[in-house]
Amino acid sequence: MVRSMTGFGRGVTTTKSHQLTVEVRAVNHRFLEISTKFPKEWMEAEVLAKKMLSTAISRGKLDVLIVVKELQAEEQYVQINWALLEAYINAKEALSQKIAMQEKWSMQEIAMLNQVLVVEKQEAVQDDFLASVERAMQEAIENLVQMREREGQELKLVMLQYKEQLQQQIAQIRMTSPDAVRKYRERLKTRIEEIVSGQLLEERLLMEVALFAERVDITEELDRLDSHFGQLEETLNEQGAIGRKLDFLMQEMHREINTIGSKNQSSESSIAVVQAKAILEKMREQVQNIE
């Protein structure tokens, strides 16, 4: 199936305390490149996301963004460092023997003591969090793939239209290319008649025309192009990533048309060669969008 390499997918999951949103944006790229924007402490979730994407996608540059929205305040509690607090108390008693100090501490003063009171949040269970990421990623990937497939079907129709146009130009070349040999024979006959006559004329003419016909013969190139057209249509109906194969076919077709252009001696065929090159260039541009 033809897939475009551009697309967008979003997935959302909700837990008791959070709403997790994953967004994946994809653009053209020669290989698969995944760029993620996850918090540093979410390394395991990042690895999971990349693994899921690399399984579902073959080519393209993917940018992954994850956003977590807190739905309700997380449970918090204060951890008291008793050993450190006692050390501060002992230090205060030692100081009070040297200088006058208040005997009691206010809560504000205790809170200002470094590392004595530590505010901690109840962390979400790691397995539950990973499951949420996986669900959101799966939804985002499905939406992304669906969008790439829809655009891919449009690309397929465009490629088939260009293929028909290109085949028309190749048919024109096939029809008009023999005129070059005929016209060359007529020109050559006129020139040779000026210096020779009789049987010698015919023998010399046949030899020269045969050599010319051999030089400008494009039968093999035309036959290979017909084969490439068949491969192109078959490839467009294949499953999986076909972009690289299509790119190779475009290169082969470009080579054949260039060869035809260099051998061509017909003015009518020259017009068709130029048109064929223009159509093929449009096809190559479209192939760059296919996974």
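The values are calculated or read from the model by the stated rules, or taken from the named source; none is laboratory data. From a predicted model like this one, the values you see are computed outputs, not experimental measurements. When we count neighbours, we look across all protein chains shown, and the Cβ atoms used for this are built from the backbone with ideal geometry, even at glycine. The accessibility values were calculated without ligands, DNA or RNA, using every heavy atom of the protein model including side chains. Shrake-Rupley method; radii C 1.70, N 1.55, O 1.52, S 1.80 Å.
List of remarks:
- Residue that is surrounded by the fewest Cβ atoms within 10 Å (Cβ to Cβ) [pool: residues in region 220-236 that are closer than 23 Å to N289 by Cβ and in contact (Cβ under 8 Å) with a residue 24 or more places away in the chain]: E233
- Residue selected from region 241-254 under the condition touching an Asp or Glu at 6+ places or on another chain (Cβ under 9 Å) and of a type outside the set (A, V, I, L, M), by the criterion least open to solvent (accessible area, probe 1.4 Å): G243
- Helices (runs of 4 or more DSSP H) fully within region 216-291 that include at least 3 residues being of a type in the set (G, A, S): 243-263, 267-287.
- Answer residue from region 124-157, given it is within 30 Å of I260 (Cα to Cα) and crowded, with 16+ Cβ neighbours inside 10 Å and is nearest to the chain's Cα centre (by Cα) among those: L155
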